[in-house]
Amino acid sequence: MVDGRHARVLDELGTAIASGRIPAGTVLRLEQLQDEYGASRTVAREVVRALEVMRLTSSKRRVGITVRDAAEWNHFDPRLIGWQLGGDCREQALRMLMELRWAVEPTAARFAALRASPEDRGRLRALASRLETTARAKDLGTFLEHDIAFHHIVLAASGNPMFCQLSDVVAQVLTGRTEHGLMPPEPQPGAVAMHVEVALAVDAGDAGRAEHAMRGIMEQARDEVAEQFE
């Protein structure tokens, strides 16, 4: 885990790679990173290790640090998603992320309706109510927190640990859209109503209704994103 002392260099170098400013096949050296980013050798090494864990780079003795092809990256890493959403490839990144959410979350909602525990059902109902309250108050920060928690519970309640591990990806998408002004200026009543519908459907054990409502959320999100790039 890279701490705050390394975060600046990691973000700057990672963003440059994620945006393509440093293309695949580029060979970097520790001394170069120290000079360009004003980093100590220790910081440079820690940053390179972090990039290797994310599969953005690979290191070989007598070769150096090589930037990998984008097809080899760990595209589920939340930090990489954040770099992509903050860079020039934002539209493409959002499109891919929306396709992933479209493929997974409606199905997760279906299984959540069939498998959620009583505690999960209660949490979803409570979060749906909080989303309504914070939407009316136009409290975007708190709304975002509840929205992230809502989608996490749906993914977790599906009973599929692979779905659950996408929670951080969804959280980063929602956070990135908010931070980069890609959300409506206030929560849309239709979107809030569909979250409530998901909660009610899961609570009732109605799999088809839950899947349909979550697909509606995905459709609205897709349309909102598309409007930002028209």
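The values are calculated or read from the model by the stated rules, or taken from the named source; none is laboratory data. Given the structure is predicted, the values throughout are model-derived calculations rather than measurements. Counting neighbours? That spans all protein chains shown, and the Cβs are built from the backbone with ideal geometry, glycine included. Ligands, DNA and RNA are stripped out before the accessible areas are found, and what is left, the full protein with its side chains, is counted by its heavy atoms. Shrake-Rupley method; radii C 1.70, N 1.55, O 1.52, S 1.80 Å.
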Do we find that L182 is open to solvent by less than 40 Å² (accessible area, probe 1.4 Å), outside any helix (DSSP H, G or I) and touching a residue at least 12 places away in the same chain (Cβ under 8 Å) in this structure?
-> yes
Residue list for segment 54-90, restricted to those being hydrophobic (A, V, I, L, M, F, W, C) and open to solvent by less than 50 Å² (accessible area, probe 1.4 Å) = M54, L56, I65, V67, A70, W73, L80, I81, W83, L85, C89
Can you list the helices (runs of 4 or more DSSP H) found entirely within segment 77-143 that contain at least 1 residues being of a type in the set (S, T, Y) and in contact with a His (Cβ under 8 Å, 6 or more places away or on another chain)?
-> 118-136
Could you please let me know if R62 is farther than 18 Å from C89 by Cα, in a loop (DSSP other than H, G, I, E, B), touching a Phe, Trp or Tyr at 6+ places or on another chain (Cβ under 6 Å) and charged (D, E, K, R)?
-> no
Quick one: which of L28, L56 is under 21 Å from the mean Cα position of the chain (by Cα) and free of Cβ contacts under 8 Å to residues at least 60 places away in the same chain?
-> L56
For segment 177-199, which residues satisfy the criterion of being within 22 Å of T107 (Cβ to Cβ) and in contact with a Lys or Arg (Cβ under 8 Å, 6 or more places away or on another chain)?
-> E197, A199
Counting just the residues of segment 96-123 that are under 23 Å from G181 (Cα atoms) and free of Cβ contacts under 8 Å to residues at least 60 places away in the same chain, which one comes out surrounded by the fewest Cβ atoms within 10 Å (Cβ to Cβ)?
-> E99
Has segment 200-221 got at least one residue that is surrounded by 17 or more Cβ atoms within 10 Å (Cβ to Cβ), under 18 Å from T175 (Cα atoms), in contact with a Lys or Arg (Cβ under 8 Å, 6 or more places away or on another chain) and touching a residue at least 24 places away in the same chain (Cβ under 8 Å)?
-> yes
With (1) in a helix (DSSP H, G or I); (2) surrounded by fewer than 17 Cβ atoms within 10 Å (Cβ to Cβ); (3) in contact with an Asp or Glu (Cβ under 9 Å, 6 or more places away or on another chain) as the list, and G20 as the residue in question, which single condition is left unmet?
-> (1)
Taking segment 162-188 only, how many residues are under 19 Å from L124 (Cβ atoms) and over 9 Å from the mean Cα position of the chain (by Cα)?
-> 3
So, in segment 124-166, of the ones that are open to solvent by 20 Å² or more (accessible area, probe 1.4 Å) and among the aromatic types (F, W, Y), which residue ends up nearest to M214 (Cα to Cα)?
-> F163
